[in-house]
Amino acid sequence: MASASGRAREAGRIQHRSIAKSLEGEWIDRDLVDHHLVASDLSQTSRGLSHAQGLFRTDRNVTPGIAPAADQAAAQWRVDDGLVAYQQALTDMDARAAAIAVGAACELVWLIEHPPLYTAGTSARPGDLKIERFPVHTAGRGGQFTYHGPGQRVAYVMLDLKRRGPDIRRFVATLEEWIIRSLAGFGIAGERRGDRIGVWVRRPDKGVEREDKIAAIGIRVKRWVSLHGIALNVDCDLTHFSGIVPCGIADARYGVTSLRDLGVPASMAEVDAVLRREFEPLFGPTV
């Protein structure tokens, strides 16, 4: 006869498989993948999983780095000038990810800027849209409300995680590390926070326990190809964030900042060069 603990483990596995099946077509959020994902419960479709569903264990000891397979082509590094319409970006990103999934295109890191807009992730709360200053778009990524606009570098990262290794927690930790290393290149100490999404900078000049968010992370994974990615505030108008509660964080101790706000007047080209330099040791070569 099976022991009580054995029966409990089997019941958990059955529940995990049932939940994974029912969540087909949902998204994966940075605060959800902060813990270990039970990869054996996933197939090649999209999944959205939460702490409450018990599919994660608390273990933040992840070594960043998610290298390509030995026979994979280098990822394409693409930088677009001008402002790219959000819906067009989503369409292009979905098409490229679908091509990557079937081996018809190489991976892509796509660096762009958007016109001023707000996006609502799958966890967005209506009350966090305080003033509709700009168009609001429903985004196919995890997370809550965020702002995109001129002076913010958005990097859409489309990688084949099935070939690189289906470890979403490691992928997100590597995105965080990429941002942190890039900020260090400008003399800025970016840090992770276990209870808050994104990359943060301490602001003792603003008061005790004050911190500002300088970069956001929100991803979607479909057929084990990643979509969406990161948004780094370079020289954007920080007052544009006032229309939302960024990423649902309303605590007055936590605000938003940018390279310019921190006294670093870097050009977008300079930022792009550092992003590429720090990307390759973590994710592999680009062309």
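The values are calculated or read from the model by the stated rules, or taken from the named source; none is laboratory data. Treat the numbers as computed from the prediction; the structure is a model and nothing was measured. Please note: Cβ atoms are built from the backbone with ideal geometry, for glycine as well, and neighbour counts cover all protein chains shown. These accessible areas exclude ligands, DNA and RNA; they are computed on the full protein's heavy atoms, side chains included. Shrake-Rupley method; radii C 1.70, N 1.55, O 1.52, S 1.80 Å.
Farther than 18 Å from Glu113 by Cβ and of a type in the set (S, T, N, Q), is that true of Ser242? Yes: the conditions hold for Ser242. Exactly one residue among Gly65, Gly103, Gly48 is at pLDDT below 85 and in a loop (DSSP other than H, G, I, E, B), and that residue is Gly48.
Of all residues in the range 226-254, those that are within 30 Å of Val102 (Cα to Cα) and open to solvent by less than 20 Å² (accessible area, probe 1.4 Å) have Cβ atoms under 7 Å from Cβ atoms of residues that are charged (D, E, K, R) and at pLDDT below 90, 6 or more apart or on another chain, in His228/Arg141.
Take Ala184 and decide whether it is closer than 17 Å to Pro64 by Cα, surrounded by fewer than 17 Cβ atoms within 10 Å (Cβ to Cβ), in contact with a helix residue (DSSP H, G or I) (Cβ under 9 Å, 6 or more places away or on another chain) and among the aliphatic types (A, V, I, L, M). It is true that Ala184 is closer than 17 Å to Pro64 by Cα, surrounded by fewer than 17 Cβ atoms within 10 Å (Cβ to Cβ), in contact with a helix residue (DSSP H, G or I) (Cβ under 9 Å, 6 or more places away or on another chain) and among the aliphatic types (A, V, I, L, M). Residues that are of a type in the set (Lys, Arg), in a loop (DSSP other than H, G, I, E, B) and modelled with pLDDT of 95 or more do occur in the range 257-280.
Flag set for Pro265, criterion: under 29 Å from Val79 (Cβ atoms) and not polar (S, T, N, Q).
One residue stands out among those in the range 106-123 that are in a loop (DSSP other than H, G, I, E, B) and either open to solvent by less than 20 Å² (accessible area, probe 1.4 Å) or among the polar types (S, T, N, Q) (or both): the one that is nearest to Leu159 (Cα to Cα), which is Glu107. Return yes when Val154 is touching an Asp or Glu at 6+ places or on another chain (Cβ under 9 Å) and either open to solvent by less than 10 Å² (accessible area, probe 1.4 Å) or within 22 Å of Thr91 (Cα to Cα) (or both) and no when it is not. Yes.
Looking across Gly198, Gly143, one residue alone is assigned to a strand (DSSP E or B), in contact (Cβ under 8 Å) with a residue 24 or more places away in the chain and either surrounded by fewer than 21 Cβ atoms within 10 Å (Cβ to Cβ) or of a type in the set (Gly, Ala, Ser) (or both). It is Gly198. Annotation note: Cβ proximity below 7 Å between a residue of the range 75-99 that is free of Cβ contacts under 8 Å to residues at least 40 places away in the same chain and a residue that is surrounded by 15 or more Cβ atoms within 10 Å (Cβ to Cβ) and among the small types (Gly, Ala, Ser) (sequence gap 6+ or interchain) occurs for Ala99/Ala105. Of the residues making up the range 68-90, those that are over 22 Å from Val172 (Cα atoms) and in a loop (DSSP other than H, G, I, E, B) are Asp71, Val84, Ala85. When we screen Val271, Val221, Val287 for residues that are surrounded by fewer than 19 Cβ atoms within 10 Å (Cβ to Cβ) and touching a residue at least 12 places away in the same chain (Cβ under 8 Å), the only hit is Val287. The condition (being of a type in the set (A, V, I, L, M, F, W, C), over 30 Å from Leu161 (Cα atoms), at pLDDT below 95 and in contact with a helix residue (DSSP H, G or I) (Cβ under 9 Å, 6 or more places away or on another chain)) is satisfied by just one residue among Ala216, Ala250: Ala250. Comparison of Gly243, Gly218 shows that the only residue that is of a type outside the set (A, V, I, L, M, F, W, C) and more than 24 Å from Val172 (Cα to Cα) is Gly243.
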